[in-house]
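Trainee: Dropping a structure here in structure tokens format, bear with me for questions.
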Amino acid sequence: MTDQTDQDTDLGFEDDQPAKTGARSLWARKAQKFVQSRLPLIPDDTTASRALVTVIAIMTFLATLTGGGAVLVYDASKGWDSSISQEMTIQVKPVLGRDVEADVRKSAELARSMPGFSEIRAFTNDESTKLLEPWLGAGLDLSGLPIPRLIVLKLAGSPRPNLEELRRQLREQVPSAVLDDHRLWLERLGTMSRALVLIAVTVLGLVLTAMALAVAFATQGAMAGSREIVDVLHFVGAQDRFIANEFQRHFLKLGLKGALIGGAAALIVFFLAGIIASWWVASLEGNQVEALFGNFALGAAGYVTIIVIACGIAALTGLMSRSVVLRRLRRVN
Amino acid sequence: MVRFENVGLRYGMGTEVLRDISFAIEPQSFQFLTGPSGAGKTTLLRLILMSLRPTRGFISLFEQDVSQLDKDEISAIRRRVGVVFQDFRLLDHLTTYENVALPLFVQGQEDRSYRAQVVELLRWVGLGDHIHAYPPVLSGGEKQRAAIARALIVQPELLLADEPTGNVDPTLARRLLRLFMELNKSGTSVIIATHDLALMDQFDSAKRFVLGEGRLHIYD
């Protein structure tokens, strides 16, 4: 046979550019070769393929939404932990027969005499009344009500204050004062956030399992529909590994496509949620919600989590299909 | 190269469709496999291709006991065998060029290394103008030629062809037979299953394997 290379350009082939071996690593070329098969042995543009891309996109969207939500809750719980555990309060209740102002002063003095606090601030009666405004409304005369007074103690970090001693002194000298280190509140918040993260991880696991099953069924369907292709490949000497690679490449492409769509949609949702939350936080209600639940904006860790989940879903799709194909080929043989 | 000893095959609990088949295919030999429709020609080719396992007897291919081969060894042997199926078995979503290049692609060769070879073979079988056409738009004869080109592209040591001239005109049939004979001269053993007597008469020196009622008769 004579060399026809010179005539190839007339035959409508898309000639490859000369390989730039120096510029690209061996692994990069291997990866490109893996993703770009010259012969599309498994047909791409089928109804089943498009349906699977849609399913993977939806599953990826749900999974990344759940994963991003878990990161938000985790970040918020860390925020509660760090801000609340750095503060404690002494609550002085108005008691008949006792001078509440004197009790407040005495309580603040006792706290100041104790090392470990960086700042001690006693709320005035007006300030304490204002704290109730979000619940009771503004402009009300609350002078007739016995409103507790608060003293906020900020921890210095080191040394740790002796809280038991402070409690004992308050009990003896100001019986109407109670020291609250928020431990109970912190424990409840911690339990709640751990439960939320656990639920999110469980939902993520369920979504991934459902997706793996969808891919397994799709692979079996694709194999049944490609029986002729598999037979021909066997007859021309293809090994099972080669066939599995072809299916894996096909499903990896579909997985990447679906994961890209679903992951991008989730990123957009979180991005928009962050913008809307930043507008809303300017209001009084938004301020309170932010104080309780933290900021809705997803941080870098959240975005990385979404990208990792999306990439993981694409990889899972490829590996799942490979496993199904190899198992089925073993059975056929 | 191929050796059958007392090979029998039955499907399920039915009667044997092939009985006590014994023959040997020597290197660089040429043989026609003939017999009435349903005699088991295709079944015999499938046994050689290892897509069926015999229910009894011994088969060896390229000096290897077929019953002892693992899957990778079977694949390696199939790469030394070219096959033309009666129903062509072209992949409809691949172009004619891609179908013919498939065995080389499966062997891991780069497209650029075999492009000229594939194009020249396609021109030789008269499909030079259909390189980028898909099988559904090819005629029966064109599909037949594409299937033959796919079998020949690897320059196989053994060629199995099931009715390779069934869908082509007598002129092209003669041309294809000449191609098989040239291939045979260059070292390939050829087995052509056919019931085209005119085709067989063009190559009198070829052995004739005649299948009838499950048994094989060999005429030199």
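Trainee: Quick check on the range B:82-92: of everything there that is crowded, with 16+ Cβ neighbours inside 10 Å and more than 7 Å from chain A (Cβ to nearest Cβ), which residue is farthest from B:Q107 (Cα to Cα)?
Mentor: Among those residues, the one meeting the criterion is B:Q86.
Trainee: A further question on this structure: With A:A51, A:A57 as the choices, which residue is more than 23 Å from the chain's Cα centre (by Cα) and at pLDDT 85 or above?
Mentor: Answer to the selection: A:A51.
Trainee: Among the residues of the range B:97-134, what is the count of those that are closer than 25 Å to A:N245 by Cα and of a type outside the set (A, V, I, L, M, F, W, C)?
Mentor: The number of residues fulfilling the criteria is 14.
Trainee: Additional query: Here's a check for you: in the range B:57-81, which residue that is facing chain A (nearest Cβ under 9 Å) and closer than 24 Å to B:K41 by Cβ is farthest from the chain's Cα centre (by Cα)?
Mentor: Top of the filtered list is B:I74.
Trainee: Among the residues in the range B:124-147, are any under 17 Å from the mean Cα position of the chain (by Cα), buried (at least 22 other Cβ atoms within 10 Å of the Cβ), aliphatic (A, V, I, L, M) and closer than 18 Å to A:A238 by Cα?
Mentor: The answer is yes; a qualifying residue exists.
Trainee: Scan the range B:103-134 for residues that are assigned to a loop (DSSP other than H, G, I, E, B) and either free of Cβ contacts under 8 Å to residues at least 12 places away in the same chain or facing chain A (nearest Cβ under 10 Å) (or both) and jot them down.
Mentor: Residues satisfying the conditions are B:Q107, B:G108, B:Q109, B:E110, B:I131, B:H132.
Trainee: Just one of A:V53, A:V152 is in contact (Cβ under 8 Å) with a residue 60 or more places away in the chain, of a type outside the set (F, W, Y) and closer than 30 Å to A:L256 by Cβ; which is it?
Mentor: On inspection, the qualifying residue turns out to be A:V53.
Trainee: Can you name the condition, by its number, that B:K41 falls short on among (1) in contact with a helix residue (DSSP H, G or I) (Cβ under 7 Å, 6 or more places away or on another chain); (2) among the basic types (K, R); (3) buried (at least 21 other Cβ atoms within 10 Å of the Cβ)?
Mentor: B:K41 satisfies all of (1) in contact with a helix residue (DSSP H, G or I) (Cβ under 7 Å, 6 or more places away or on another chain); (2) among the basic types (K, R); (3) buried (at least 21 other Cβ atoms within 10 Å of the Cβ) except (1).
Trainee: Could you give me the residue pairs with C-beta distances under 6 Å whose first residue belongs to the range A:225-238 and is β-branched (V, I, T), whose second residue is part of a loop (DSSP other than H, G, I, E, B) wherever it lies, and which are 6+ apart or on separate chains?
Mentor: Going by the 6 Å Cβ cut-off, the qualifying pairs are A:I229/B:L91; A:V232/B:R89.
Trainee: Only one of A:D126, A:D141 is among the acidic types (D, E), at pLDDT below 85 and assigned to a loop (DSSP other than H, G, I, E, B). Can you tell me which?
Mentor: Of the residues listed, the single one that is among the acidic types (D, E), at pLDDT below 85 and assigned to a loop (DSSP other than H, G, I, E, B) is A:D141.
Trainee: Now, a different point. Which of the residues that make up the range B:143-159 are closer than 14 Å to B:R89 by Cα and touching a residue at least 40 places away in the same chain (Cβ under 8 Å)?
Mentor: B:K143, B:Q144, B:A146, B:A147, B:I148, B:A149, B:R150, B:A151, listed by residue number.
Trainee: Name every residue in the range B:142-198 that is part of a helix (DSSP H, G or I) and of a type in the set (D, E, K, R), in order of residue number.
Mentor: Within the range B:142-198, B:E142, B:K143, B:R145, B:R150, B:R174, B:R175, B:R178, B:E182, B:K185 meet the criteria.
Trainee: Could you please find all residues in the range B:44-56 being within 22 Å of A:R241 (Cα to Cα) and either away from every other protein chain (no Cβ under 14 Å) or buried (at least 17 other Cβ atoms within 10 Å of the Cβ) (or both)?
Mentor: B:L49, B:M50
Trainee: Give A:A244, A:A216, A:A222 a once-over and let me know the one that is away from chain B (no Cβ under 14 Å) and farther than 18 Å from B:R150 by Cβ.
Mentor: Every option except A:A216 fails the conditions.
Trainee: Take the residues of the range B:93-102 that are touching a Pro at 6+ places or on another chain (Cβ under 9 Å) and touching a residue at least 40 places away in the same chain (Cβ under 8 Å): which is farthest from the other protein chains (Cβ to nearest Cβ)?
Mentor: Checking each candidate, the answer is B:T96.
Trainee: Would you mind finding the one in A:V232, A:V201 that is part of a helix (DSSP H, G or I) and closer than 30 Å to B:L160 by Cα?
Mentor: Testing whether each residue is part of a helix (DSSP H, G or I) and closer than 30 Å to B:L160 by Cα leaves just A:V232.
Trainee: What's the number of the condition A:A177 fails, among (1) touching a strand residue (DSSP E or B) at 6+ places or on another chain (Cβ under 6 Å); (2) under 16 Å from A:K78 (Cα atoms)?
Mentor: Among (1) touching a strand residue (DSSP E or B) at 6+ places or on another chain (Cβ under 6 Å); (2) under 16 Å from A:K78 (Cα atoms), A:A177 violates only (2).
The values are calculated or read from the model by the stated rules, or taken from the named source; none is laboratory data. All figures in this text were calculated on a predicted structure; none of them were measured in a lab. For neighbour counting, all protein chains shown are included, and Cβ atoms are generated from backbone atoms with ideal geometry for every residue, glycine included.
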